[in-house]
Amino acid sequence: GYAIDGYFLSSDNGGKVNAALSGTKNFTIGAYVKMEDLNSDNVILAKGDTQVTIKIQGGGMLEFFVYRGNWDAIINVNPSEAGLAVGQWAYVVGVREGNYLRLYVNGKLVGTASNASGSVSTNTTKFGVGAQPDAGRYGRSSFAYAHVLPFAATEAQIKTTYEALKNGTTPAYTAADS
């Protein structure tokens, strides 16, 4: 398969990315990533520092958060215990569904938070695969797949996608999944 090393900043696709990741909507973000290290500020996916991010944070924990005027809706887990390993491909997924955040690695639920109610903030920062440019943070990883979905993926959908990625086939979320 093919992969990119470094980072990619997307356009907002006519406002669709920003709309999918703000307000009170459910969403799913995910990436198939091979981490070069598990050190601070290794960004996996981010829509700025004041909207939604998955990264290795300053304390070395795998972090998924949504920003709603503050950073209190956060999941932090030990990346090694969650299944991330340097030099190994992993499918990392963050789901926001109503008041809940869920973080998955390789189809396995590794963390939850139940305080994500309210409206997720919006910003003008481009969605970054391996980048959070507004905070000057850039990943040190390779990426083979990334997505923003305007619905909360189920654990079964996430597991199916992980198996497809692991087996080198193209995963497919469809409109029927939403």
Legend entry - Listed residues V129, M35, G6: farthest to the positive end of the dipole of the chain (Cβ charges): V129
Legend entry - For the range 119-133, 3J(HN,Hα) per residue [Karplus equation, 6.51 cos²θ - 1.76 cosθ + 1.60, θ = phi - 60°, Hz, x = Gly/Pro]: 8, 6, 5, 10, 8, 9, 5, 5, 5, x, 9, x, 8, 9, x
Inset, instruction - Compute the distance in nm between two label points, each set 7 Å from the Cα along the Cα-to-Cβ direction, one at S119 and one at E155. - result: 3.3
Legend entry - Accessible-area composition of the range 1-100, carbon plus sulfur, in percent [1.4 Å probe]: 47
Legend entry - Per residue, in Å², the accessible surface of the chain once ligands and nucleic acids are set aside, probe 1.4 Å: 44
Inset, instruction - Any chance you could run the full-extension gain for A144 through A172? It's 0.36 nm times the residue separation minus the Cα-Cα distance, nm to one decimal. - result: 8.7 nm
Legend entry - Full-stretch length increase - D72, A3 - with 0.36 nm per residue and alpha-carbon distance subtracted: 21.5 nm
Inset, instruction - Compare the peptides 160-172, 94-106, 66-78, 2-14 by average per-residue count of other Cβ atoms within 10 angstrom and give them in order, highest first. - result: 94-106, 66-78, 160-172, 2-14
Legend entry - Protein accessible area in the range 112-153, 1.4 Å probe - carbon and sulfur %: 49
Legend entry - Chain lengthening between E81 and E97 when straightened (0.36 nm per residue, less Cα-Cα): 3.4 nm
Inset, instruction - Report, in deg cm²/dmol and to the nearest 500, the calculated mean residue ellipticity at 222 nm for the chain, where each DSSP H run with n ≥ 4 adds -39500 (n - 2.57) and the sum is divided by the residue count. - result: -3000 deg cm²/dmol
Inset, instruction - Would you check the chain for Lys pairs whose C-alpha atoms are within less than 25 Å, ignoring same-chain pairs closer than 8 in sequence, and give me the count? - result: 25
Inset, instruction - Read phi for every residue in the range 73-88 and hand back ³J(HN,Hα) as whole Hz from Karplus 6.51 cos²θ - 1.76 cosθ + 1.60, θ = phi - 60°, with x for Gly and Pro. - result: 9, 9, 10, 10, 9, 5, x, 5, 5, 7, x, 7, 9, 4, x, 10
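The values are calculated or read from the model by the stated rules, or taken from the named source; none is laboratory data. In this text, all values refer to a predicted model and were calculated from it rather than measured experimentally. We place every Cβ from the backbone using ideal geometry, glycine too, and count neighbours over all the protein chains shown. Side chains included, ligands, DNA and RNA excluded: accessible areas come from the protein's heavy atoms. Shrake-Rupley method; radii C 1.70, N 1.55, O 1.52, S 1.80 Å.
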